[in-house]
1. Which residues, counting only those in the range 97-107, are open to solvent by 50 Å² or more (accessible area, probe 1.4 Å), touching a strand residue (DSSP E or B) at 6+ places or on another chain (Cβ under 8 Å) and either aliphatic (A, V, I, L, M) or in contact (Cβ under 8 Å) with a residue 40 or more places away in the chain (or both)?
2. Could you list all residues from the range 310-332 that are within 30 Å of ARG411 (Cβ to Cβ), of a type outside the set (A, V, I, L, M) and either crowded, with 18+ Cβ neighbours inside 10 Å or modelled with pLDDT of 85 or more (or both)?
3. Out of all the residues in the range 407-426, which are under 21 Å from ARG468 (Cβ atoms) and outside any loop (DSSP other than H, G, I, E, B)?
4. Do you know which residues across the range 507-553 are polar (S, T, N, Q), open to solvent by 10 Å² or more (accessible area, probe 1.4 Å) and touching a residue at least 24 places away in the same chain (Cβ under 8 Å)?
5. Here's a check for you: in the range 275-309, which residue that is under 16 Å from the mean Cα position of the chain (by Cα) and open to solvent by 30 Å² or more (accessible area, probe 1.4 Å) is modelled with the highest pLDDT?
6. Does VAL439 fit the bill of being at pLDDT below 75 and buried (at least 16 other Cβ atoms within 10 Å of the Cβ)?
7. Has the range 131-152 got any residue that is over 20 Å from SER61 (Cα atoms) and at pLDDT 70 or above?
8. Hey, could you check the range 265-285 for residues that are outside any helix (DSSP H, G or I) and among the small types (Gly, Ala, Ser) and say which is nearest to HIS295 (Cα to Cα)?
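The values are calculated or read from the model by the stated rules, or taken from the named source; none is laboratory data. None of these values were measured; they are calculated from a predicted model. A quick note on method: Cβ atoms are made from the backbone with ideal geometry, for glycine too, and the neighbour counts reach across all protein chains shown. Note: areas computed on protein heavy atoms with side chains; ligands, DNA, RNA excluded. Shrake-Rupley method; radii C 1.70, N 1.55, O 1.52, S 1.80 Å.
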Amino acid sequence: MTTPSAPPPCPHLAAYRHTTRSLRFLRRCLRVRPLGRPEIRREPRELPRCSPCSSPTSSSSRLYACLSCAAVFCPTHAASHASASTSGGHQIAVDVDRAELFCGACGDQVYDPDFDHAVVLAQSSSLPPPSASASPSPSPAAPRKRRRVEYRAWAPDPAEFALISSADPTTSASAAAPAGLRGLNNLGNTCFMNSVLQALLHAPPLRNYFLGDRHNRYLCPRQTPMRRRSAEANDKAACLACDLDEIYSAAFSGERTPYSPAKFLYSWWQHASNLASYEQQDAHEFFISILDHIHENIKDDQHKSHAQGHGDCCIAHRVFSGILRSDVTCTHCGFTSTTFEPCMDISLDLDAGYNNSLGVANPKVHVRNGERSSGGTNTKVSTLMRCLERFTRAERLDAEQKFFCERCKERQESLKQMSIRRLPLVSCFHIKRFEHSSVKKMSRKVDHCLQFPFSLDMAPYLSSSILRSRFGNRIFPSEASDADSVSEFSSEFEIFAVIMHSGKLEAGHYVTYLRLNNHWYKCDDAWVTRVEEHTVRTSQAYMLFYVQKTLYYKACERATAV
C-alpha cells in the first residue's frame with residue numbers, strides 16, 4: 001500500500017515568489033471583522049465589483065484582486081486575466097472577502113506560509129489585551145474553539161468507589177461550614193425566591209436527584225441552540241430544571257461567595273410572565289409555581305399523569321406529592337362520598353387554641369427536642385399539631401354548600417372531614433398568615449407565634465387513624481391491602497428547613513433557617529450565619545419542610561462517632 005503524497009506546489013505561485021518579495025507585506029492590507037474572519041482592507045462604503053462584468057460581490061460568487069495590478073475579477077474573468085496578461089505575476093490573486101490566495105491559471109486556491117503567517121498575526125493583533133486577572137491567552141496558532149467531545153457515563157474504579165463510600169457530600173465539610181451552604185444575592189425584592197431555593201437545595205431527595213446527575217443540563221433536549229436565536233424558541237426551550245441543576249452545582253462547588261441566580265429568575269419570568277417584575281411575591285405561590293414548571297420540563301414517564309393521583313410522573317411530584325382524602329357524610333342517611341386529591345403541600349389555618357373535641361383519633365402527646373405539646377390541651381398558643389388537628393377535624397358544611405346525597409336523591413346537610421391518605425417524602429406545611437376580606441376590603445397579616453416540633457409523627461392525621469376512630473378496626477382488612485397505606489415507621493418526619501416572614505403584609509422580608517449537621521443556619525439572602533435553636537422556635541414560621549425520618553441524614557450521630 002502506497003502512502004498518498006502531498007499535491008505538487010503551484011508553479012505560478014513559486015514563480016511569483018521568485019520575482020517579488022515575501023507575501024508578509026500584505027499584512028497591512030488585511031483587517032479582521034468582529035467575528036474573527038480576515039478580509040482585504042477597503043473603505044467602509046466601497047463595494048468591490050468585477051471590472052469586466054461589473055457584478056457586485058455576493059455569497060455565491062467570490063471576487064479576487066490581482067496582486068500585481070489590484071484589478072478585481074470574478075472567478076471566470078480571473079482566469080481570462082491570468083491567461084491574457086503578457087507579463088508574469090498576474091496569475092496570483094487574493095480573495096477580497098476571505099483573504100485567501102487564488103491562482104487564476106490553475107483555477108484553485110493556493111497556500112503560502114508567509115501569507116498565512118500574516119493572516120494569523122492580523123487576527124492575533126485584533127484580539128483585546130488580556131486583563132491582569134485573566135489567564136494567559138493561548139498562542140495565535142491555537143484553535144479558538146474547544147472541540148466538542150462525546151458525553152460518556154462515568155463509572156468509578158475501586159479506589160474512587162471506596163472514597164465515595166467513606167464520604168458523604170452533605171457532611172464532608174466542617175461543622176462550621178457544611179457543604180452546600182452558600183448565600184444567594186438579592187436581585188431586587190427576590191428574597192421570596194432565595195428563601196425557597198435554599199429549602200429546595202437542602203431537600204434530601206431532591207438534592208440527591210440533581211447531585212446524582214439524574215438531570216444533566218448539558219444533555220437536556222430542551223437546551224438547543226435555538227434558545228439563543230429567537231424569542232419564540234426562548235419560551236419553548238427555557239428549562240427551570242436545567243437552571244436548578246446549575247444552582248445545585250454552584251452551591252455544592254465549595255465556593256462560599258454569594259451566588260446570583262439571575263438565569264433562574266429570568267427562566268421563571270418566561271414561564272410566569274404575569275409575575276415578571278421586581279415586586280415582592282409570595283414565597284408559597286413561587287414554590288408551587290416552581291414545582292409545576294419542573295413537572296412540565298421533566299416527565300420521566302409520559303404515560304403517567306399527575307391527575308391520576310399517583311404523583312410519580314416527575315421528580316417534583318415524587319418528592320412533594322401526597323394524596324388527601326375527603327369524606328362527605330350525609331347527616332340524614334349516613335351515606336359517605338369519598339374523593340381523593342393529590343397535593344403538593346398542606347395549607348393550615350393558625351389555631352389560637354380555643355378548640356375542643358378536635359375530632360382526631362387518639363391525640364398524642366408530642367415530646368420532641370425538649371418541646372411538649374398535647375393535642376388535647378386547650379391553650380392560647382398556636383401549635384403545628386393543633387393546626388393539623390383542625391385540618392382533619394369534621395366540619396359541618398354551610399346551607400349554601402349542601403351535599404347531593406346519592407342515596408336520598410336530594411341535597412342534604414353534611415359533614416366534611418379531610419385526612420391524609422398518602423404521605424410524601426417531603427411534607428411542606430404552609431401557614432396561612434395573610435388574610436384577605438372581600439367584605440371589609442382589607443388585608444392583614446396574622447403575627448401569632450407558632451410552635452412546631454423538630455420531629456413530627458403524622459400517624460394521627462392519616463386516613464387510617466381517622467377511619468379507625470369512626471368505624472373501629474372492622475374496615476382495616478381492606479385498608480391494609482391498599483397500595484397507599486402508610487406504615488407507622490414512615491409516618492415519622494424530621495424538620496430540615498423553615499421559611500419565616502417578618503415585617504408587614506405590604507413590606508416584608510423572607511428568611512430561611514436550615515438544619516444542617518444538627519445545627520441551625522440563617523440564610524438571609526447573601527448573608528449566612530449560625531443561630532441558636534431558640535431563634536428558630538420563636539420565628540414567625542410561614543413554611544415548614546419535613547422529610548421522612550428514613551431519608552433524614554443524622555449528621556449529628558456521625559459527628560459523635562468520629
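1. Hit for the range 97-107 is ARG98, nothing else.
2. Scanning the range 310-332 gives ARG325, SER326, ASP327, THR329, CYS330.
3. LEU415, LYS416, GLN417, MET418, SER419, ILE420, ARG421, ARG422
4. ASN517, ASN518, THR538, GLN540, GLN548, THR550, listed by residue number.
5. Result: ILE288.
6. no
7. No: the range 131-152 contains no residue that is over 20 Å from SER61 (Cα atoms) and at pLDDT 70 or above.
8. ALA272
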